[in-house]
Amino acid sequence: MSYGFKIIVEGDYACFTRPELKVERVSYDVPTPGALEGLLKSVYWKPAIRYVIDKIIVFQDIDFVNIRRNEVKDKILLSAVKSQMNGKDGDPCIYASESRSQRAAMVLKNVKYGVEFHFELTGLKNDAESDGENKHYNIIKRRLEKGQWFRTPCLGCSEFPVKRIELVTEFDENLISSKILSMGDVDLGYMSYKVQFEDGGKPVNHDWDNPKFSDKASTVYYRPHMIKGVIDVKKYREELRC
């Protein structure tokens, strides 16, 4: 049995942030595999599986728009949350009026992508009898068919939610815009593939009941080409670089 899927993803806005630009957010022209993996994890995720993006199709014109957004520059402290949960003094809140920071962003608008992907077993926290490939396949398929997820899938940033996800059997490449087709073979340069965490998804304290994960991570890059709107991620994944 094949455990691959094909989906159509649409949204009003998207931002796949370039990591080399620290202050103002500027999106890549096309999605990063890591961002799409995160989108799929919002639909269904277990430690026992990992998603692998095989192909990305860009259907709509690559259209940018400049916006200004209010962001907060602080993070809620985990220690403050734990203190309040234990009935002690703690303020696990961020006050926007005190922490607001306005930033410009260049984001994509009116996006539509085709995403071909599959999943693999990781061997982490996995019961071979109850957590087999067939079980995960059926859950993912059912959720995609019904439009179900446990948190809102987004296109790069949480402010840009997915408008529609549709499970399909094949992509209709006749729907790719004429402008994208006319671009031919486009060298997209070095792009972020994904953020790789050093712990490999395993708790550093070896305790799945009360897991603690490492924050240490590095960005992995690849150099894909978009040929008439199609990015063969599987082909260019062979030359990942840290």
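The values are calculated or read from the model by the stated rules, or taken from the named source; none is laboratory data. The model shown is predicted, which means the values in this text are computed figures rather than measured ones. Glycine also receives a Cβ, built like all others from the backbone with ideal geometry; neighbour counts cover every protein chain displayed. Just so you know, the surface numbers come from the protein's heavy atoms only, side chains and all, with ligands and any DNA or RNA stripped out. Shrake-Rupley method; radii C 1.70, N 1.55, O 1.52, S 1.80 Å.
Points to keep in mind about this one:
- Number of residues in the range 161-172 that are open to solvent by less than 90 Å² (accessible area, probe 1.4 Å), closer than 26 Å to His225 by Cβ, in contact with a Lys or Arg (Cβ under 9 Å, 6 or more places away or on another chain) and not β-branched (Val, Ile, Thr): the value is 1.
- Pairs, first within 12 Å of Tyr221 (Cβ to Cβ) in the range 28-39, second charged (D, E, K, R) and crowded, with 19+ Cβ neighbours inside 10 Å, C-beta under 6 Å, six or more apart: Pro33/Lys194; Gly34/Lys194
- Those residues of the range 178-211 which are without any contact (Cβ under 8 Å) to a residue 24 or more places away in the chain and not in a loop (DSSP other than H, G, I, E, B), in sequence order: Ser178, Ser182, Phe197
- The range 156-177: number of residues that are in contact with a strand residue (DSSP E or B) (Cβ under 6 Å, 6 or more places away or on another chain) and either free of Cβ contacts under 8 Å to residues at least 24 places away in the same chain or not aromatic (Phe, Trp, Tyr) (or both): 9
- Checked across the range 169-177, the condition of being closer than 21 Å to Val52 by Cα, β-branched (Val, Ile, Thr) and not in a loop (DSSP other than H, G, I, E, B) holds for no residue.
- Scanning the range 98-117 turns up no residue that is out of contact with any helix residue (DSSP H, G or I) (no Cβ under 8 Å at 6 or more places or on another chain) and farther than 30 Å from Val65 by Cβ.
- Of all residue pairs spaced 6 or more apart or on separate chains, those with beta-carbon atoms under 6 Å, a first member in the range 88-107 that is touching a residue at least 24 places away in the same chain (Cβ under 8 Å) and of a type in the set (S, T, N, Q) and a second member that is open to solvent by 100 Å² or more (accessible area, probe 1.4 Å) and in a loop (DSSP other than H, G, I, E, B) are Ser99/Lys73; Ser101/Lys73.
- Selected residue [over 21 Å from Gly34 (Cβ atoms), surrounded by 12 or more Cβ atoms within 10 Å (Cβ to Cβ) and in contact with a helix residue (DSSP H, G or I) (Cβ under 6 Å, 6 or more places away or on another chain)] from Lys228, Lys194: Lys228
- Among residues of the range 144-160, those that are open to solvent by 90 Å² or more (accessible area, probe 1.4 Å) and polar (S, T, N, Q), counted: 1
- Spans of strands (runs of 3 or more DSSP E) in the range 24-140 with at least 2 residues open to solvent by 30 Å² or more (accessible area, probe 1.4 Å) and over 26 Å from Ser178 (Cβ atoms): 64-72, 100-121
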